[in-house]
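Undergrad: Below: one structure in structure tokens.
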Amino acid sequence: MIGFANVGVLSRGPAMHRPRVQPRRAKVAVKAELVQKITGEELEVELNDAELPLVVDFYAAWCGPCQFMLPELEKIAAEYDGRVKVLKVDSDEETDIATMLQVRALPTLFFVHKNELRFRFEGALMKEQLETVIEEVFFKKEEEGATEESAPAAEAAA
């Protein structure tokens, strides 16, 4: 016989010292730099006074998808700096405004321009998806208007 009987002995006891691998812990909170955290009162002021389009993220510190969204929103805030303002509201701290706006899932994104809700989305989005929504919601109408105005001029030139 080949000595396979000892295999069970080796795997049973603490005699085998295996290095324990510690799992990596994900960062739970990411510090925001360009995305401004605001209160419900500040949001009302922003909605009434903002000249730039707003992307408002309702989030919670305990929400995994919300934490995933923060770096994506930071990239958007950097890319659209001066053209779109990105804000975030903690739905746990600002329960009144979250209730009034019927925030039922997190994250919830509001795309607002000139105090008009243009689009609402519940769930996490990647930077590319955010770019598509921003371009469609905030800038497509402006481009279409410019195209319609320039089309007669092009026809007249031809």
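Undergrad: I'm trying to understand the selection: among the residues of segment 81-128, which are in a helix (DSSP H, G or I) and either of a type in the set (A, V, I, L, M) or within 13 Å of the chain's Cα centre (by Cα) (or both)?
TA: Across segment 81-128, the qualifying residues are Ile97, Ala98, Met100, Lys127, Glu128.
Undergrad: Condition first: out of contact with any helix residue (DSSP H, G or I) (no Cβ under 6 Å at 6 or more places or on another chain), within 14 Å of Ala61 (Cα to Cα) and among the aliphatic types (A, V, I, L, M). Now tell me which residues in segment 90-118 satisfy that.
TA: Ala105
Undergrad: Still on this structure, I have one more. Take the residues of segment 34-43 that are closer than 20 Å to Ala124 by Cβ and of a type outside the set (S, T, N, Q): which is surrounded by the most Cβ atoms within 10 Å (Cβ to Cβ)?
TA: Only one residue fits best here, namely Val35.
Undergrad: For segment 29-39, what are the residues that are at pLDDT 95 or above and out of contact with any strand residue (DSSP E or B) (no Cβ under 7 Å at 6 or more places or on another chain)?
TA: Hit for segment 29-39 is Thr39, nothing else.
Undergrad: Go through (1) closer than 25 Å to Glu135 by Cβ; (2) at pLDDT below 95; (3) among the hydrophobic types (A, V, I, L, M, F, W, C); (4) open to solvent by 30 Å² or more (accessible area, probe 1.4 Å) and name the single condition Val21 misses.
TA: (1)
Undergrad: Out of the residues in segment 44-80 meeting the condition of being farther than 20 Å from Arg104 by Cβ, modelled with pLDDT of 95 or more and assigned to a loop (DSSP other than H, G, I, E, B), tell me which one is most open to solvent (accessible area, probe 1.4 Å).
TA: Among those residues, the one meeting the criterion is Leu52.
Undergrad: Looking at (1) in contact (Cβ under 8 Å) with a residue 40 or more places away in the chain; (2) open to solvent by less than 40 Å² (accessible area, probe 1.4 Å); (3) among the polar types (S, T, N, Q), which is the only condition Ser91 fails?
TA: (1)
Undergrad: Which ones in segment 77-89 are among the aliphatic types (A, V, I, L, M), touching a helix residue (DSSP H, G or I) at 6+ places or on another chain (Cβ under 8 Å) and over 23 Å from Trp62 (Cβ atoms)?
TA: Hit for segment 77-89 is Val84, nothing else.
The values are calculated or read from the model by the stated rules, or taken from the named source; none is laboratory data. Not measured: the values here are computed from a predicted model. Here the Cβ is made from the backbone with ideal geometry for all residues, glycine too, and neighbour counts use every protein chain on show. The protein model used for the area step is the full one, side chains on, heavy atoms only, and it has no ligands, DNA or RNA in it. Shrake-Rupley method; radii C 1.70, N 1.55, O 1.52, S 1.80 Å.
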